[in-house]
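One structure is given below, encoded as structure tokens.
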Amino acid sequence: MTGSRRAPGSAGLAGLLVVLLGTLAPFAVPASAVAADFPKGWEGYHTYAEMATEVAAVAAAHPDIVQRFSIGKTYQGRNMWAVKISDNVGVDENEPEVLFDGLTHSDEHMGLEMTLRIMHWLVDGYVSHDARITNIVNTREIWIVLAVNPDGAEADIAGGHFHFWRKNRQPTPGTTAIGTDLNRNFGYRWGIAEGRTSKNPLAITYMGPKAFSAPETRNMRDFLASRVVNGRQQIRTAITFHESGRLVMWPYGYTYANIPLDMTVDDHNALVIIGRHMAATNGYRPEQASDLYLTSGTTRDYEYGTYRIFSYTFEMSVKDYPDDSLIASETGRNKEAVLYLIERASCPLAVLGAAVRTARCGAFDDDLEVSRGWVVNADHTDTGSGATWQRGDPAPTTYAGVRMQPDTVPSGRSAFITGLAAGTSSSANDVDGGRTSVTSPTIDLPATAGQKLQFRWTFAHDARATSADELRVEVLDAGNGNAATSVLVVPGTPVVRSAGWRTTSIDLSAWAGKTIRVRFSATDAGVNGVVEAGFDDVRVTQPQ
């Protein structure tokens, strides 16, 4: 409780079966919603109705820690049931959040058994006063989407036998085909038809006609967006459960590169350490997702690529359709991995060691690789007529043979820059005619001295600069009318100053226990010469 990267594997026969099964399956399964049950030997698996009843009963019995809700309707109108588990479950507390989901592919029924089992571990452990689980429930908000594809799951067991149905049940417009592979329909790097991702509506890995064409993926997208608070995604870690193969897989699936431009070195290293640790506890094989085969539009890649959620795919079991005698062992082997990932949610980068933990696990950490709530001209007082602050990958700018705007950033590929495009004149894509500013979201500082505001910056100008041209960094006291204190001012001088990344550290002890914002501003107040600025890797450290 707290306050409010490699060579691809061969597709072989399996690749052919992907298309053949996708061609035959639409004719084998009823298109309508049906009442269904599992065949003999699999009765221990939960149907949709049984799952819904069980979840409702648990929520009713434990309203203090379990909140049941639907994240939306499926194509056939079923609720996509989810639960939130936390102490003070009705309050959106300022706690690290974790997400689990299952049954994205409807023939992978063990995924639902896994999400149900997690729910029971947490609830039963809390009720029985298990110390570890009690601490987890008291200090985390855990979200579980029990079944992402209940329509497909019900169709898969229609008539009391399996239909090997993987996709959802939504017809594809302009075709006779039914279904989209939901784990190819998410919007990050969607549409790359390589590896096990297809543009053929008959294929079982059909990506859909467009990203988020399926209501089920839209519901997941919208739920994830709802957990952005104060501009920042609250969900820090996640697992999506699939089968089979006994694999722990981390991003990305869309590329063979270990560390592509849309991933930082620190993130990659932490993802690998956490993934390997979890695999050591459950006996799975740890690997980057593309080591299995290329995929695009997946849940995992979307969650990390869009929000920097440390998201993993678990491929459970060693065969398709394991009988129900294996439910307990196949789910049970993941308990330690699940609890470990929940406990890492406060700061996944902490696994990189004490120095990284101090630097990057404080009150605020933003490598600017994704959107996290910064606002340009937040107080509507900017006067500049030229380029404003933009977050992205800067193009190099050279003026009179001197680099004014860098073409690289300290980490990843993005920084805030005064006009990302290149400029070749004093009025092209740089600051002109006054000030441009950008302000962080609010930052709640612990009441402990020794916290540091650290950031990297660049400021460049031509020889026409005056002392009125500047880069300024201010701390705003949100509880005192955003009273501003300048903590760095870099004035212009009448000489050429080239671009180059520098690091600054500011003691924040004067603001300990307060809520602050950080504002960066760049000004060209002279004769509209060339003025370029940028900043990256803004963080508030742990006390040191």
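The values are calculated or read from the model by the stated rules, or taken from the named source; none is laboratory data. None of these values were measured; they are calculated from a predicted model. Cβ placement follows ideal geometry from the backbone for every residue including glycine, while neighbour counts extend to all protein chains displayed.
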THR264 touching a Ser or Thr at 6+ places or on another chain (Cβ under 8 Å), of a type in the set (Val, Ile, Thr), assigned by TED's automatic domain parsing to the domain that holds GLY195 and surrounded by fewer than 23 Cβ atoms within 10 Å (Cβ to Cβ): yes
Which listed residue is assigned by TED's automatic domain parsing to the domain that holds HIS105 and either under 30 Å from LEU368 (Cβ atoms) or in a helix (DSSP H, G or I) (or both), from ALA257, ALA193: ALA257
Selected residue [under 27 Å from LEU476 (Cβ atoms) and more than 20 Å from the chain's Cα centre (by Cα)] from SER371, SER385: SER385
Given (1) out of contact with any strand residue (DSSP E or B) (no Cβ under 8 Å at 6 or more places or on another chain); (2) modelled with pLDDT of 95 or more, number of the condition LYS319 does not satisfy: (2)
Among the residues listed as TRP501, TRP457, the single one being buried (at least 16 other Cβ atoms within 10 Å of the Cβ), within 12 Å of ALA522 (Cβ to Cβ), assigned by TED's automatic domain parsing to the domain that holds VAL375 and among the hydrophobic types (A, V, I, L, M, F, W, C): TRP457
Residue match in the range 324-336 (condition: outside any loop (DSSP other than H, G, I, E, B), modelled with pLDDT of 95 or more, among the small types (Gly, Ala, Ser) and under 24 Å from the mean Cα position of the chain (by Cα)): no
Hits in the range 117-131 - residues which are over 28 Å from the mean Cα position of the chain (by Cα), under 11 Å from HIS62 (Cα atoms) and of a type in the set (A, V, I, L, M, F, W, C): VAL127
Within the range 446-493, considering residues that are in a loop (DSSP other than H, G, I, E, B) and within 32 Å of the chain's Cα centre (by Cα), the one farthest from ALA512 (Cα to Cα): ASN482
Filter result (out of contact with any strand residue (DSSP E or B) (no Cβ under 6 Å at 6 or more places or on another chain), surrounded by 15 or more Cβ atoms within 10 Å (Cβ to Cβ) and assigned to a loop (DSSP other than H, G, I, E, B)) within the range 337-364: SER346, CYS347, CYS361
Any hit, the range 9-31, residues being buried (at least 17 other Cβ atoms within 10 Å of the Cβ), modelled with pLDDT under 95 and in a loop (DSSP other than H, G, I, E, B): yes
Residue within the range 209-231 that is among the acidic types (Asp, Glu) and either crowded, with 24+ Cβ neighbours inside 10 Å or at pLDDT below 95 (or both) present: yes
Lone qualifier among VAL438, VAL487 - being among the β-branched types (Val, Ile, Thr) and either more than 23 Å from VAL228 (Cα to Cα) or touching a Gly at 6+ places or on another chain (Cβ under 9 Å) (or both): VAL487
Positions within the range 307-336 being out of contact with any His (no Cβ under 8 Å at 6 or more places or on another chain) and surrounded by 18 or more Cβ atoms within 10 Å (Cβ to Cβ), in sequence order: TYR307, ARG308, ILE309, PHE310, SER311, TYR312, SER317, PRO322, ILE327, GLU330, THR331, ASN334
